[in-house]
Amino acid sequence: MAEIVAALMTSHAPLMTGRPEVSKPEQRDRLYGGFHELRRRLTAARPDLIVVFVNDHIQNFPYSNMPAFCVGLAEAYDAPSPGGGRFMRIPPRKVRGAPAWGMALLERGLAAGVDFAYSYEIEGWDELSVPLHFLTPEGNVPIAPVYTNCAAPPLPTPRRCHEVGAFVGEFIRSRPTRERVALLATGGISHWVGTPETGRINPEFDQRVLDHVVRADIDPLVRLTHDEIERDGGNGGQEIRNWIALLGAVPAWKGEVLAYEPVVEWITGCATVWVHP
Amino acid sequence: MIRTSYALNKLLTAVARQHVMKDGLTDDDLAGHDLSDAERAALRAGDITRLYHLGANPYLIRRVFRSRFRI
């Protein structure tokens, strides 16, 4: 049977790699250290596939066609594209997808009432490219992204994200194959992007989220409303839906915070978290 | 109730896909788009706060009017 061999959660921001020099060296070192430790553990877990809970930033899904949840069926993902690579200052590359796996999830979901959308062509920005740059620089593990709308309200509720994540976890464990699957969620924690409060970070909210993650205390997270997250975590904080989905896939698993830094220069409350059975 | 202006977001998506940053949009940029007077004025002025309150998506505001942000 397939098994979940690793679960990890990180923030994403283009400036993490695009403008490292503007951050405070001690903050950057601690955060990069967290990524490096995640990479070490992920490599040791020897995954055959990384399922990524992630969100678009309106580069793929426009307002004319906005899925709440979308399974990636691409053969490969720009992570990043050549243009994105210049901006994020990381090498452009294609990361292999897992379309057959994605199609199986899609079919099972639609049969069971989890009405995923799907896409055969997706450009990864920082939400895929930056974490994968740190975690799998060799790019030799295929990815299966599951997109949640975190950027174009109205958004699916955290509770629904948790249910969809739980469905993905059950799907993985029910596979008759011997796949070793890693789960990665990217996004959050607090940040305000493009709003009148752009640049704000709320470490108190971030710590609250992390405390719940460490204790596997999921109820307060799934009860969060859109307005509460927007007020305390900003529009970027809405991306904790990806974390909540991952936690749904691994019930009772507990987070270990390897690093948390509110990096003002990257306008993001940045964290790296390993999740233990 | 979420305030969203489809007209604003459609236009901002189109401009963002050109990968050029703007201080303000021109009449050429706005041509053919069904916008309110308030939306046109905010787009011309590059008024990022006003655009937010008019229902433009903040990620799109940031991509198009990056130079208007202090950080």
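The values are calculated or read from the model by the stated rules, or taken from the named source; none is laboratory data. Computed from a predicted structure; not experimentally measured. Every residue, glycine among them, receives a Cβ derived from its backbone with ideal geometry; neighbour counts consider all protein chains shown.
Listed by position, the helices (runs of 4 or more DSSP H) inside the range A:188-253 whose residues that are within 14 Å of chain B (Cβ to nearest Cβ) and surrounded by 17 or more Cβ atoms within 10 Å (Cβ to Cβ) number at least 3 are A:226-237.
The set of residues in the range B:16-32 that are within 13 Å of chain A (Cβ to nearest Cβ) and either of a type in the set (Lys, Arg) or surrounded by 11 or more Cβ atoms within 10 Å (Cβ to Cβ) (or both) comprises B:ALA16, B:ARG17, B:MET21. Determine, yes or no, whether A:ARG180 is among the charged types (D, E, K, R), at pLDDT 95 or above and touching a strand residue (DSSP E or B) at 6+ places or on another chain (Cβ under 7 Å). Spelling it out, A:ARG180 is indeed among the charged types (D, E, K, R), at pLDDT 95 or above and touching a strand residue (DSSP E or B) at 6+ places or on another chain (Cβ under 7 Å). Against the condition within 26 Å of A:ARG173 (Cβ to Cβ), surrounded by fewer than 17 Cβ atoms within 10 Å (Cβ to Cβ) and at pLDDT 95 or above, how does A:GLY109 come out, does it pass? Answer is no for this residue.
Inspect the range A:52-72 for any residue being among the small types (Gly, Ala, Ser) and under 19 Å from A:TRP243 (Cβ atoms) and give the result as yes or no.
Among the residues of the range A:52-72, at least one is among the small types (Gly, Ala, Ser) and under 19 Å from A:TRP243 (Cβ atoms), which makes the answer yes.
Residues that are surrounded by 22 or more Cβ atoms within 10 Å (Cβ to Cβ), more than 7 Å from chain A (Cβ to nearest Cβ) and assigned to a helix (DSSP H, G or I) within the range B:49-62 comprise just one, B:LEU51. Those strands (runs of 3 or more DSSP E) of the range A:60-115 in which at least 1 residues are free of Cβ contacts under 8 Å to residues at least 60 places away in the same chain, considering only elements entirely within it, cover A:76-78, A:94-96. Among the residues of this structure, A:VAL54 does not count as one that is among the β-branched types (Val, Ile, Thr) and within 14 Å of another protein chain (Cβ to nearest Cβ). Number of residues in the range A:149-178 that are under 19 Å from A:GLY236 (Cα atoms) and not basic (Lys, Arg): the value is 12. Of the listed requirements (1) within 14 Å of another protein chain (Cβ to nearest Cβ); (2) touching a helix residue (DSSP H, G or I) at 6+ places or on another chain (Cβ under 7 Å); (3) touching a residue at least 24 places away in the same chain (Cβ under 8 Å), B:ARG3 misses just one: (2). Please find, among A:ALA151, A:ALA185, A:ALA166, the residue that is touching a residue at least 40 places away in the same chain (Cβ under 8 Å), surrounded by 24 or more Cβ atoms within 10 Å (Cβ to Cβ) and not in a strand (DSSP E or B). A:ALA151 is the lone residue from the list that is touching a residue at least 40 places away in the same chain (Cβ under 8 Å), surrounded by 24 or more Cβ atoms within 10 Å (Cβ to Cβ) and not in a strand (DSSP E or B).
Do you know which residues across the range A:121-134 are in contact with a strand residue (DSSP E or B) (Cβ under 7 Å, 6 or more places away or on another chain) and among the hydrophobic types (A, V, I, L, M, F, W, C)? Those that are in contact with a strand residue (DSSP E or B) (Cβ under 7 Å, 6 or more places away or on another chain) and among the hydrophobic types (A, V, I, L, M, F, W, C): A:ILE122, A:LEU128, A:LEU132.
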